[in-house]
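Visitor: Supplied in structure tokens, the structure appears directly below.
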Amino acid sequence: MKKFIKHMMLIFFGLIVILLFLDFSFTTVYENSEPRTKFQYLRSLKNKKVDYIFLGSSRVENSIVSKLIRDKTGKSAINLGFQASKMSDIYTVLKLIKKYNIKTDKILIQVDYIFNIEDGCSNILQYELMPFIRENEVTQEYFNRCLINKKEILYTPFYRYLHYEPKIGFREFFLNLINKKTSIVKNNGFVPLQGNSFEHNNSLPSQIISKNKYFDGIKTFAEINKMPVIFFCVPFCKHTKNLIFIKKLKQKIPELYDFSGVINNDKMFKNCSHLNQNGANDFTKYLIEKMLIDK
Amino acid sequence: MFFNSLSFALFLPAVFLLYWFVFNKTKSTQNLILILASYYFYSCWDWRFLFLLVFSTFLDYYTGIRIEKAKTETARKFWFWLSIAVNLGFLGIFKYYNFFAASFSELVNGFGLQTSPLLLNVILPVGISFYTFHGLSYVIDIYLKRIKAEYNFIDYSLFVSYFPLLVAGPIERATHLLPQVKVKRSFDFEKAKEGIYQIIWGLVKKVVIADTCATYANAIFDNYESMNSLSLLLGTVYFAFQIYGDFSGYSDMALGMSKLFGLDLLRNFNYPYFSRDIAEFWRRWHISLSTWFRDYLYIPLGGSSGGMAMKIRNTFVIFLVSGFWHGANWTFIAWGFINALYFLPLLLLKKNRSNMETVSLYWNWSSLKVILSMISTFALTCLAWIFFRAKSIGEAFDYIGRIFTNQSFLPQYLENERYSYEIILLIIAFILVEWNSRTQTEPISGRYSWVKVTLCIMAIIALGTYSDYKEFIYFQF
């Protein structure tokens, strides 16, 4: 039995060494590869200048054609919309922009029904930040707030790569290792949607909450750090119920640019909350005209 | 509590330590701790079904004794048929009742009468097909006077409820397992080490091969209407390795952990995808079930002793029943029927026992023939697996039809954001490892075992599929 226990202890020790080795290897590759995700792209812009930065949820990700902005204005733009982002996620990305010392002329932040959401975090942003969990105090603070199993993730080597295996497991590690490019960098963060297949059942909240602590945090953080933030609202389709919510939001945030009703053609929408590629092109042109060309 | 779960990773060492350090005084204490652990293990799924397991155990224990003690043939028959009827009755109610009710209703509706079946809202107790078959073999063996009845309830309970084999086999025989639980086990380092290696290899098969293949196979089968010929073909291959990795991986883990307790279980898989014909495949796939049907159905029906017509009838009976054992769906019956059709030419040509030895390859033409026969057997197996995996027979035919009519062999991007061809290299690597170890129970033992253990652990950690948690396929049977 002693021999067996010794044998098992050796296997267990080997397991720990393998876990540490794999954790180190995966993290190193993610840190040093060409950007494949939006966060890696943001990280690669350390100490650089981007003229316009767009923050928000998938509604921004699918609506702002960054390359079109560059073509029309000659200025650089990056779309940092993350799927399922709330104000808290946007606040984190804003802090990361500051942390990485990325210079910019304008930071355009989407505010709409997400103003009403204070709980929860974008799982997409979580996946993308996961290999960089110890990167800086901003990412650490983000995971302190968002992760339920933070201790396991933080202190068990390789557990994060097992737990989020479909997104940051071996397949993604390998693609990072061989520097396989994604369209994220090519499109400067814009993710186009194709087609038009929506039902007319989209609804905005009927009530608006008195305040969102993360929105307030964004405003204060931007003021302190002299970051040029602008709040705007991406189009909804005309069938959206309770569109009055945006009017209420505008009363609360007078500086909000309300573009919720600027696209009327249903064919421009993938669904009631998301523009398709044609819609994104039209809206980006409109946005350039209204906000990005100095007249 | 699955073998590949964290809770089981805590449960197994705890039972191991209790077994060898606290309850190791006598055979009875060893059996007692294993029984308690087994009942706890089973109750982790649904404690209510524990009563069913205990009742089933008690029924066969009691009827076994009554059969042995019966003074008249009528009494023997009575207790025997009582056990058979109650065992099959439970299986019928929990597993097959809804199928028969729905099928009957469909048949009646086909004649223009409008009926709606009276369906039962019951959950299938996990492992019921396995422990029912344990009990049945025990009672049949006593009835046929092959074995003596077991009078020690704890020993008998352990034979039925032993947790490594409780929910997905292998289907043990009283003649094999009961004598082992009747004696005190002593710790054997080599056996335990072998067990650990077998558990590790089983985990590789489950989390690296089966679960990874499942990710791709599911994306293809669930969207087969939009898949091209290449993806559909790959889908069948992936499912073949999914089900093999899943079930044989489970069996390896069961056999391995049983060795930790000093008990040997029946081997359930013997590299079936290296079979040269379907008869050989069935000697190597789910061996404990195939031999169960051979001994308790095929031979009592007359086996091979009668004329050719009887042999054919018996062959079809065991394949159809074997298919139906897997689940209450026509797809499983079709799968059994197809395998019977595959078997038929071998039976007619009396070649069903022509490939008995382990396959070997040399640099000559006859080896090429062997390779072709292995590939064709695998292809036939894959074709049958389509029926096993499909939701209906119509869907299976549609799937097969699209393989031939689509005729596009370009790489296809799947719904799960992966290309259909991506894991071919992984499967080839797995085949090569299995080929090199086809004369052993697992590939880790032997020379350089430390290197092989390290590689396997690395594969389990780095290549395994974890987040999209998949239970073992055979648990549903």
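Visitor: Distances longer than 13 Å among the Cα atoms of segment A:29-71: what percent of all pairs is that?
Guide: Within segment A:29-71, distances greater than 13 Å cover 65 percent of Cα pairs.
Visitor: While we're looking at this one, here's another question. What figure in square angstrom, to the nearest 10, would you give for the accessible area of A:Phe174 with a 1.4 Å probe?
Guide: A:Phe174 has an accessible surface of roughly 90 Å² with all protein chains in place.
Visitor: Probe radius 1.4 Å, ligands and nucleic acids ignored: give me the carbon and sulfur share of the accessible area of the protein assembly as shown as a rounded percent.
Guide: Result for the protein assembly as shown: 62 percent of the exposed heavy-atom area is carbon or sulfur.
Visitor: With a point put 7 Å past each Cα toward its Cβ, work out how far B:Tyr419 is from A:Phe13 in nm, to one decimal.
Guide: 4.3
Visitor: State, in square angstrom and to the nearest 100, the accessible area buried between chains B and A, both chains counted, probe radius 1.4 Å.
Guide: 2200
Visitor: Hey, another quick one. Could you run the Karplus curve 6.51 cos²θ - 1.76 cosθ + 1.60 with θ = phi - 60° over segment B:400-406 and give me ³J(HN,Hα) per residue in whole Hz, x for Gly and Pro?
Guide: 5, x, 5, 4, 8, 8, 6
Visitor: For a paramagnetic label modelled at 7 Å from the Cα of B:Ala379 toward its Cβ, which residues of segment B:397-424 fall within the zone defined by backbone nitrogen distances under 15 Å?
Guide: Only B:403-404 fall inside the zone, counting backbone N under 15 Å.
Visitor: Mean projection of the alpha-carbon convex hull of segment A:1-86 over all orientations, in nm²?
Guide: 8.8
Visitor: Counting only protein heavy atoms, probe 1.4 Å: which residues of segment B:174-192 lose 20 Å² or more of accessible surface in the full assembly compared with their chain by itself?
Guide: B:Phe187, B:Phe189
Visitor: Can you compute the modelled spin-label distance between A:Gln194 and B:Val22, with each label point 7 Å from Cα toward Cβ, in nm?
Guide: 6.1
Visitor: In addition: Return the equivalent ellipsoid semi-axes of segment B:88-138 as a descending list in whole Å, where each equals the square root of 5 times an eigenvalue of the C-alpha gyration tensor.
Guide: Taking √(5λ) for each Cα gyration eigenvalue gives 29, 11, 6 Å.
Visitor: Now for a separate question. Which shape class applies to segment B:425-467: rounded if a/c is under 1.5, otherwise prolate when a/b exceeds b/c and oblate if not, where a ≥ b ≥ c are the square roots of the Cα gyration tensor eigenvalues?
Guide: Verdict is oblate for segment B:425-467.
Visitor: Would you pull out the residues with amide H under 5 Å of A:Leu108's amide H, same chain only if 5 or more places away, H placed 1.01 Å from N?
Guide: The answer is A:Ile53, A:Phe54, A:Leu55, A:Ile230.
Visitor: Over segment B:246-381, consider all pairs of different Cα atoms and compute the Kirkwood hydrodynamic radius from their mean reciprocal separation; express it in Å, one decimal.
Guide: 16.2
Visitor: For segment B:356-428, compute Rh as the Kirkwood radius over C-alpha pairs and then the Stokes-Einstein diffusion coefficient at 10 °C and 1.306 mPa s; write the answer in µm²/s, rounded to an integer.
Guide: Approximately 103 µm²/s, per Stokes-Einstein.
Visitor: Continuing with the same structure: Might you list the cysteines of chain A that have no disulfide-compatible partner by the rule of another cysteine's Cβ under 4.7 Å?
Guide: Those would be A:Cys233, since no other cysteine Cβ in chain A comes under 4.7 Å of theirs.
Visitor: In debye, nearest 20: dipole of the protein assembly as shown around its Cα centre with unit charges on the Cβ of K, R (+) and D, E (-)? List each step's numbers first, then the result.
Guide: Values: 85 positive and 58 negative charges, 189 e Å.
Approximately 920 debye in magnitude.
Visitor: Could you go through segment B:383-389 in sequence order and give the Karplus-derived ³J(HN,Hα) for each residue, using 6.51 cos²θ - 1.76 cosθ + 1.60 with θ = phi - 60°, rounded to whole Hz, and x for Gly and Pro?
Guide: My calculation for segment B:383-389 gives 4, 5, 4, 4, 5, 5, 8 Hz in order.
Visitor: Using the reciprocal of the averaged 1/r over all distinct C-alpha pairs, how large is the Kirkwood radius of the protein assembly as shown in Å?
Guide: Averaging 1/r across every pair of different Cα atoms and inverting gives 30.3 Å.
Visitor: Size of the dipole of segment A:2-292 about the Cα centre, Lys and Arg at +1 and Asp and Glu at -1 on the beta carbon, nothing else charged, in debye to 20?
Guide: With only Lys, Arg, Asp and Glu charged at Cβ, the dipole is about 380 debye.
Visitor: Cross-link candidates for B:Lys206: which lysines have Cα within less than 28 Å, leaving aside residues fewer than 8 places away along the same chain?
Guide: Partners found: A:Lys6, A:Lys150, A:Lys151, A:Lys167, B:Lys95, B:Lys191, B:Lys193, B:Lys259, B:Lys391, B:Lys452, B:Lys470.
Visitor: What's the magnitude of the charge dipole for segment B:6-186 around its Cα centre, counting Lys and Arg as +1 and Asp and Glu as -1 at the beta-carbon? Answer in Debye, nearest 20. Write down the numbers at each step before the final one.
Guide: Values: 16 positive and 9 negative charges, 151 e Å.
For segment B:6-186, the charge dipole is close to 720 debye.
Visitor: Right, here's the next one. On average, how much accessible surface per residue is there in chain A, in Å², for a 1.4 Å probe, leaving out ligands, DNA and RNA?
Guide: For chain A, the per-residue accessible area is 47 Å².
Visitor: According to the Cα gyration tensor, what semi-axes, each the square root of 5 times an eigenvalue, does the equivalent ellipsoid of segment B:301-341 have, listed from largest to smallest in whole Å?
Guide: 22, 9, 5
Visitor: Here's another thing I want to ask about it. Which three extents, in angstrom, do the Cα atoms of segment B:6-186 have along their principal axes, listed largest first?
Guide: Answer, in whole Å and largest first: 68, 51, 22 Å.
Visitor: Further question: Using a cut-off of 19 Å between alpha-carbon atoms, which lysines can reach A:Lys67, once sequence neighbours fewer than 8 places away in the same chain are excluded?
Guide: Cα-Cα hits under 19 Å: A:Lys38, A:Lys48, A:Lys49, A:Lys75, A:Lys103, A:Lys106, A:Lys181, A:Lys186, A:Lys285, A:Lys290.
Visitor: Going by Cα centres, segment B:360-409 and segment A:53-119 are how many Å apart?
Guide: Each part reduced to its Cα centre gives a spacing of 51 Å.
Visitor: Hey, can you find the accessible area per residue of segment B:252-373 for me, probe 1.4 Å, expressed in square angstrom? Let's see the in-between values first.
Guide: On the way: 5270 Å² over 122 residues.
Value returned for segment B:252-373: 43 Å² of accessible area per residue.
Visitor: Can you tell me which of A:Ser122, A:Ser58, A:Ser183 moves the most in a GNM of chain A? Springs connect C-alpha atoms under 10 Å apart.
Guide: Result: A:Ser183 has the largest fluctuation of those listed.
Visitor: Among the DSSP beta bridges whose two residues both lie in the protein assembly as shown, what percent are antiparallel, rounded to the nearest 5?
Guide: On the way: 3 of 20 bridges.
In the protein assembly as shown, approximately 15 percent of DSSP beta bridges are antiparallel ones.
Visitor: With a bin width of 5 angstrom, please list the P(r) values of segment A:105-146 as percents of all Cα-Cα pairs, from the 0 bin to the one holding the largest distance.
Guide: Result, from short to long distances: 5, 19, 21, 19, 22, 12, 1 percent.
Visitor: If each Cα of segment A:2-292 is one equal point scatterer, what is log10 of I(q)/I(0) from the Debye formula at q = 0.14 Å⁻¹?
Guide: Cα-only, vacuum Debye calculation for segment A:2-292: -1.04.
Visitor: Hey, another quick one. Report the convex hull volume per residue for segment B:319-477, counting only C-alpha atoms, in Å³.
Guide: So the per-residue hull volume is 197 Å³.
Visitor: Rounded to whole Å, give me the distance from the Cα center of segment B:108-172 to that of segment B:1-45.
Guide: Each part's Cα centre sits 23 Å from the other's.
Visitor: I would also like to ask the following. So for segment A:59-155, averaging the separation of alpha carbon pairs under 8 Å that are six or more residues apart and normalising by length, what relative contact order in percent results?
Guide: Relative contact order, segment A:59-155: 26 percent.
Visitor: Would you calculate the convex hull of the Cα atoms in segment B:185-306 and tell me its volume per residue in Å³? List each step's numbers first, then the result.
Guide: Working: hull volume 18.3 nm³, N = 122.
It is 150 Å³ per residue.
Visitor: Quick one: what are the phi-derived ³J(HN,Hα) couplings along segment B:119-135, Karplus 6.51/-1.76/1.60 with θ = phi - 60°, whole Hz, x for glycine and proline?
Guide: 9, 9, 8, 10, 9, 6, x, 4, x, 4, 5, 6, 6, 5, 5, 4, x
Visitor: May I have the convex hull volume per residue, in Å³, for the Cα set of chain B?
Guide: Spread over its residues, the Cα hull of chain B gives 176 Å³ apiece.
The values are calculated or read from the model by the stated rules, or taken from the named source; none is laboratory data. This structure is a prediction, so every number in the text was calculated from the model and none was measured. We place every Cβ from the backbone using ideal geometry, glycine too, and count neighbours over all the protein chains shown. Ligands, DNA and RNA are excluded from the accessible area calculation, which covers all protein heavy atoms including side chains. Shrake-Rupley method; radii C 1.70, N 1.55, O 1.52, S 1.80 Å.
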